[in-house]
1. Give the residues of region 38-64 that are hydrophobic (A, V, I, L, M, F, W, C) and either within 21 Å of Arg14 (Cβ to Cβ) or within 22 Å of the chain's Cα centre (by Cα) (or both), sorted by residue number.
2. Going through region 114-136 one residue at a time, which ones are of a type in the set (A, V, I, L, M), within 28 Å of the chain's Cα centre (by Cα) and in a helix (DSSP H, G or I)?
Amino acid sequence: MRLPKHYGESSVARCPFCGEAAYAKNCQGVPVCRAHVGAQLPDLKCVCGGWLDQRESKFGTFYTCMRCGPVSFSRMMETNGDKIREAARKGAQPAQAGAPQPASQPRGAQSRGGTLRERIKEKLARGEALTPDELDFL
């Protein structure tokens, strides 16, 4: 039995590493959750054994194979899901040769953990300016 879609449910992208809702993109351009922004997908193979190239369209991320043609994100996850989950367990993958590298850590990346109060204290200790939201919290 097929249930109808609810409003807004059709375009929810999922993180390939954990399956949570994806709100960001990693350096490869793959939609991921906030926890896996620094993680990279390993080299992906098609069902036929060929390599997959990542593409972007107005409908989202998809992949192409030289032999099979376009391959959907869900089909790629069926064939490479175990490899991707294993990479997520190992941690961030080493950078691939063709993947662009970020120049440096984003500002405030050191203070991601802890409570908001602890992060504000760390920011004050470093001498950084506080945002209006952080001032309201104090």
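Since every read-out is calculated from the coordinates, none of them should be taken as a lab result. The model shown is predicted, which means the values in this text are computed figures rather than measured ones. Note that we place each Cβ from the backbone using ideal geometry, even for glycine, and neighbour counts take in every protein chain shown.
1. The answer is Ala39, Leu41, Leu44, Cys46, Val47, Trp51, Leu52, Phe59, Phe62.
2. Leu116, Ile120
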